[in-house]
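Written out below as structure tokens is the structure these notes cover.
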Amino acid sequence: MKFLKNATVLGLILAATSATAQEVEGPAVNWSLSMWGNPRALSAGMEAISARVEEATGGNFKINIFYGGQLSGARENLDGLQLNAFEGAAICNFYHPGKNPAWMVFSLPFLPLGDPKVDQFVRAKMFEHPAIVADMERWNAVPYMSGLLPQYEILGKGDAPTNLADWSGLRVRAGGGLGSAMEVLGATKQTLPAGETSTAFQRGALDAAAFPYTYAHVSFGIADEADWFTSNLAPGTSECGWVFNKTAYDALPPQYQTLLMDLRGMGMDIEQAAYAEQDAKNLPVFRDTMQEIVYSDAELAKFRDIAGKPVWDAWIDANKDKFDAQGVFDAIFAYAQDAAAQ
């Protein structure tokens, strides 16, 4: 587990392992999972699950994560699953919106997912929603575990957009509904893969980039290029989660399937801890090396007014004939209310 070096994250893994240390009998199975980039907070949960599965099965069930796009490019992971090229992959919904239209609900701006506990509950429930499942079935895939991406913030070069009007004309890497929200402000939306974003900054082809705050800005070298960062814009997030090849999953013995599903909570807990620990490390560096932009309550209210409900309504209308878009959207809010009531 290359990424998992922090004591708190490792402590969660050890606690979960000792609490569920029970041998699961079964055949020898070797899985390969496709992932872009390097080991990071997003992959921490799956790394822990991989270690726990191998330990629980006495080494019979091995899950190997291949980083850096070794097995497939970030935009082609669903194609690889459809072709049975590997047994699982991480996917980002906005890399291929046409392939997973219902999943694009996660990228709508200003969803009620700011609280980590609410976010985890909602996404776990949504991964079982019929429309979300149907998106993956078209690619011979099964939704497994959310990446629980934190709220996005934006880092950029050049003059800092200290008020909403300053976003006009900026080229911003942002996908899905978040990108639509930025377009409302007059920005130009770009949907570059994460690994290409730092190079785009270096070439002068990009002014700003929205990423999960703060870990992804560091993981993909954005913090090394940026002059400023927003710290309270919180325009939304997306879904970069883990999915399995359906053929491979269905072929597993029932006890292996149960083991995998029972470990999802542990994996998401570890993801949350990894994100928090990265924030504690990264924020002081951000504030030392970049200009921090903090918007007023009035500016934020204005942004939500013009880029919230209008973007939601447009998404629902554009997808109403493809699937139950209103139902998918409403489910997010219903599950958030359920989580808040617990």
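Sort through 18, 107 and tell me the only one that's in the same structural domain as residue 128 (by TED's automatic domain parsing), among the small types (Gly, Ala, Ser), surrounded by fewer than 17 Cβ atoms within 10 Å (Cβ to Cβ) and at pLDDT below 95.
Details: 107 fails: surrounded by fewer than 17 Cβ atoms within 10 Å (Cβ to Cβ).
Step by step, each of 18, 107 is checked, and only 18 is in the same structural domain as residue 128 (by TED's automatic domain parsing), among the small types (Gly, Ala, Ser), surrounded by fewer than 17 Cβ atoms within 10 Å (Cβ to Cβ) and at pLDDT below 95.
What's the number of the condition residue 134 fails, among (1) assigned to a helix (DSSP H, G or I); (2) under 13 Å from the mean Cα position of the chain (by Cα)?
Looking at each condition in turn, residue 134 falls short on (2).
Taking the criterion of being closer than 20 Å to residue 109 by Cβ and charged (D, E, K, R), would at least one residue in segment 210-233 satisfy it?
no
Enumerate the pairs (first residue in segment 61-88 and outside the structural domain of residue 46 (by TED's automatic domain parsing); second residue anywhere and surrounded by 21 or more Cβ atoms within 10 Å (Cβ to Cβ) and of a type in the set (Val, Ile, Thr)) with beta-carbon separation below 7 Å, excluding pairs fewer than 6 apart on the same chain, so at least 6 apart or on different chains.
Matching pairs, first to second residue: none at all.
Are there any helices (runs of 4 or more DSSP H) wholly within segment 247-342 with 2 or more residues that are crowded, with 17+ Cβ neighbours inside 10 Å, free of Cβ contacts under 8 Å to residues at least 40 places away in the same chain and out of contact with any Asp or Glu (no Cβ under 7 Å at 6 or more places or on another chain), and if so which? Full working, then the answer.
Details: elements: 254-262, 264-289, 297-307, 309-319, 325-341.
The helices (runs of 4 or more DSSP H) meeting that bar number zero.
For segment 122-131, enumerate the residues that are under 15 Å from the mean Cα position of the chain (by Cα) and of a type in the set (A, V, I, L, M, F, W, C).
So in segment 122-131, the residues under 15 Å from the mean Cα position of the chain (by Cα) come out as 122-124, 126-127.
The answer is 122, 124, 126, 127.
Could you look through segment 137-166, keep only residues that are buried (at least 23 other Cβ atoms within 10 Å of the Cβ) and small (Gly, Ala, Ser), and pick out the one that is nearest to the chain's Cα centre (by Cα)?
147
Looking at 162, 197, can you tell me which residue is outside the structural domain of residue 75 (by TED's automatic domain parsing) and in contact with a Phe, Trp or Tyr (Cβ under 7 Å, 6 or more places away or on another chain)? I'd like the intermediate steps shown before the answer.
On the way: 162 fails: in contact with a Phe, Trp or Tyr (Cβ under 7 Å, 6 or more places away or on another chain).
The match here is 197.
Just one of 304, 264 is of a type in the set (Lys, Arg) and not assigned by TED's automatic domain parsing to the domain that holds residue 139; which is it? So that I can check it myself, show each step before the final result.
Details: 264 fails: not assigned by TED's automatic domain parsing to the domain that holds residue 139.
Answer to the check: 304.
The values are calculated or read from the model by the stated rules, or taken from the named source; none is laboratory data. If you're wondering where the values come from, they're calculated on a predicted model, not measured in any experiment. Cβ sites come from the backbone with ideal geometry, for glycine too, and all protein chains shown count toward neighbours.
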